[in-house]
Structure formats: C-alpha cells, structure tokens
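Just below is one structure, and these are the notes that go with it.
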Amino acid sequence: MNMVWNGNAQGVRMCEVGLRDGLQVEAAFVPTAEKIALCNELSRAGMSKIEVTAFVSPQAIPALRDAEVVLREIERVPGVVYTALVPNVRGAERAIDARADEMNLVMSASESHNLANLRMLREQSFRALSEVAALARQAGVAVNVSLSCSFGCPIEGDVADAEVLGWCARFVDELGAAGVTLCDTTGMAWPGQVHALTRAFLQRWPGTGLTLHFHNTRGMGLANVLAGIDAGARRFDASIGGIGGCPYAPGATGNVCSEEIVHALDLMGYDTGVDLARVIDAARRLPALIGHDIPSQVVKAGRRLDLHAPPDDFAATHERALAREQARTR
Ligand code: COA
Ligand code: ZN
C-alpha cells in the first residue's frame with residue numbers, strides 16, 4: 001500500500017448518512033421538522049448525496065417512522081442526490097411515492113447478520129431486492145446496493161472477499177445496479193483489507209459507482225477512508241457528529257464522522273465540495289436533539305486553525321521570561 005498523504009486536489013464525494021444510519025439507533029424521536037431542517041442545512045453545505053431516511057417497518061425502526069413526510073418536505077437542492085434505504089417491495093413502493101432520487105437497497109454479505117437484521121436468508125433478500133430493482137427501473141429511480149458486513153460479521157467473523165464480490169456481481173451484472181456501497185457495519189475493517197477489496201472491486205467494475213461506508217467502532221475509520229482513497233475510491237458515507245450504528249449488531253457504534261473526514265481531506269488537498277463550517281454548525285445542534293453527547297472530535301476541539309486566546313497572565317509571564325533572559329545575557 002502506497003499512501004498518498006498529500007493528494008493533489010482531487011474530487012471526493014461525501015454522502016451524508018446521519019439522518020438514516022445516525023438516527024435509526026437513537027432512543028429519542030427527533031421531531032420531523034428538525035429532521036427536515038437538518039437535511040436542508042446539509043444540502044446547502046455541499047453534500048453530494050444525502051441518505052434522508054429509511055422505508056423500513058416502523059415497528060422495527062420507530063425513529064424513522066416519519067420517512068414519507070421528511071422526504072416529501074425537504075428542499076431539493078439541484079445536483080444533490082436524495083436517497084433512502086429500502087429493504088423490500090413495500091419499502092420501494094413507499095420510496096417511489098415519496099419521490100426518492102435513488103433507492104439504497106440493503107442486504108448483508110453474511111447470512112447470520114442478514115437473518116438478525118432483515119429476518120431473511122440472503123437468497124430471500126436477493127429475490128425481494130430483484131423485485132425492488134424491477135420496480136425502480138419502471139419508475140426511473142436509480143438503484144444503489146449497500147452490502148452490510150462486507151469487511152466482517154460480528155456473528156460469523158471474516159467474510160471472504162470472494163463472497164462479497166460474488167454478491168456484488170449478482171447486483172451489478174444481473175440486476176444492473178448503478179452503485180454499490182461496501183459497508184463495514186460494525187467497524188471490523190482495517191486498512192490493508194480495505195485497500196485490497198477496493199482494488200478488486202474497481203478492477204472488475206470500473207464503471208460502477210463504488211462507495212465505502214465505515215464505522216469508527218475500533219478507531220480505524222479515518223485510516224480506512226485513506227486506504228480506500230489510495231486504492232481509488234472517491235465516494236464515502238459519513239454521518240454528522242459521528243452518530244450511528246446498526247441496531248442488530250451488539251456494541252455497534254457510530255459512522256465515521258462527516259466533519260472529521262472533511263476536515264482531514266481538506267488539509268490533504270482533496271476537494272469534497274463541503275463547507276466544513278456549516279457541517280460543524282449542524283453537528284453542534286445534535287446533542288440537544290438526541291439527548292446526549294456526540295463522538296465528533298472536531299466539534300469539541302474546533303478545526304486545526306481555530307485558535308485560542310492565550311491565558312490571562314500571558315503578558316506578565318512574557319515580561320518575566322524576557323527579563324530573565326536579559327539578566328542572563330547581561
Ligand atoms: N415499510 C413499512 N412497513 C413494513 C415494511 C416497510 N418497508 N416492511 C414490512 N413492514 C411491516 C409489515 O406491513 C408488517 O406490519 P403488520 O405487522 O402491521 O402487518 C410488519 O412490518 C412485518 O412485516 P414482514 O413482512 O413480516 O416483515 P418482517 O417482520 O420479516 O420484517 C423487515 C422485515 C426487513 C421489513 C423489518 O425487519 C425491517 O424493516 N427492519 C429494519 C431493518 C433496518 O432498518 N436495519 C438497520 C439498517 S441496515
Ligand atoms: Zn452503517
């Protein structure tokens with residue numbers, strides 16, 4: 001692996017998933033109007049894509065039971081893709097009705113996680129998602145597939161690259177999906193693995209939009225993003241504040257944090273098109289909405305060059321230090 005620590009200015013597209021992956025695990029129900037306001041703020045901040053909500057069973061994920069209203073009432077900023085998670089045909093019908101630009105189909109690369117999360121065998125999910133893809137084609141809605149546990153399963157352990165690529169082949173070659181997101185649902189990915197799987201995907205499907213989706217569960221999130229970039233990936237999911245996690249994976253924690261990733265990539269010379277200050281402002285509103293602190297370190301510490309006033313006794317300390325120096329050299 002040959003890390004490009006100082007990239008030439010190159011485009012990296014950010015997909016904001018805080019409103020879906022982020023809010024789905026929160027106990028508090030964030031009011032619909034607040035979700036819409038947050039989405040509008042993120043649109044204006046220059047996100048390439050926003051995963052606005054999920055058309056899943058409201059019993060399974062009550063936090064997103066207002067999916068229709070949110071998707072219908074947000075501002076649609078031209079150029080931003082508004083996507084929504086869809087697990088089955090019922091979800092697809094709802095997403096089409098609410099005018100999603102894209103459906104983000106979801107299943108797991110691991111049988112056990114698919115059963116825990118979606119209550120189906122992978123083959124059953126694939127059959128349902130084949131119907132969803134046919135509906136999407138008729139309705140002229142784009143299809144992306146998010147493959148959970150592509151870098152490991154919390155129940156089964158390692159998932160072989162060949163297994164992951166096998167499911168990618170079925171979605172891309174059989175169903176014609178325009179994009180695939182390889183998801184590290186529970187933060188098991190590590191940089192060498194990310195590099196190898198990304199390279200293998202891009203060599204096989206250079207024309208298919210590849211997105212990488214990491215969780216920072218074991219502190220490897222940013223390292224994995226950089227490994228992905230080094231291997232040629234240019235689209236990343238991230239969530240404001242670093243909130244998020246799969247409700248069916250014990251110990252799961254937040255996505256890589258949008259403002260941390262944008263902050264790092266800006267410094268490294270990558271052009272994300274995202275207005276960092278606006279994202280930080282939006283993230284600062286989260287604790288009041290979800291009722292607890294957020295993982296974001298950039299929100300706590302500020303940006304690298306957000307400087308601090310010196311201590312109150314700074315002038316006196318300076319004088320004393322200068323006087324000591326003069327006495328020494330006299
Ligand atoms: N939208 C709204 N309601 C839905 C739905 C959808 N997409 N899919 C199923 N339902 C409803 C059914 O109408 C049924 O309701 P009822 O009990 O009032 O009749 C109930 O949910 C159960 O439906 P069923 O078809 O038996 O599905 P299931 O119980 O096997 O659940 C899932 C399957 C996948 C739909 C459900 O578990 C789910 O939505 N899970 C959420 C997964 C998720 O978001 N995980 C985190 C992100 S990866
Ligand atoms: Zn996730």
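The values are calculated or read from the model by the stated rules, or taken from the named source; none is laboratory data. Owing to the predicted nature of the structure, the values given are computational and were not obtained by experimental measurement. Positions of Cβ are backbone-derived with ideal geometry, glycine not excepted, and every protein chain shown enters the neighbour counts.
Things worth noting here:
- If only residues of the stretch 220-265 that are within 11 Å of ASP184 (Cβ to Cβ) and in contact with a Phe, Trp or Tyr (Cβ under 8 Å, 6 or more places away or on another chain) are counted, the one that is nearest to ligand 2 (Cβ to nearest atom) is ASN255.
- Qualifying residues in the stretch 64-88 (those that are within 16 Å of ligand 2 (Cβ to nearest atom) and of a type in the set (Val, Ile, Thr)) - the one surrounded by the most Cβ atoms within 10 Å (Cβ to Cβ): VAL86
- Note on the stretch 132-158: residues that are closer than 18 Å to SER110 by Cα, crowded, with 23+ Cβ neighbours inside 10 Å and among the β-branched types (Val, Ile, Thr) amount to 1.
- Residues in the stretch 188-219 that are under 23 Å from MET47 (Cα atoms), within 15 Å of ligand 2 (Cβ to nearest atom) and not hydroxyl-bearing (Ser, Thr, Tyr) were compared, and the one that is surrounded by the fewest Cβ atoms within 10 Å (Cβ to Cβ) is ASN216.
- Among the residues making up the stretch 249-268, those that are surrounded by fewer than 21 Cβ atoms within 10 Å (Cβ to Cβ) and at pLDDT below 95 are PRO250, GLY251, ALA252, THR253.
- Counting only strands (runs of 3 or more DSSP E) that sit completely within the stretch 132-242, those holding 3 or more residues that are within 15 Å of ligand 1 (Cβ to nearest atom) and of a type outside the set (S, T, N, Q) correspond to 179-184.
- Hey, CYS39 out of contact with any helix residue (DSSP H, G or I) (no Cβ under 7 Å at 6 or more places or on another chain), modelled with pLDDT of 95 or more and not in a loop (DSSP other than H, G, I, E, B) or not: no
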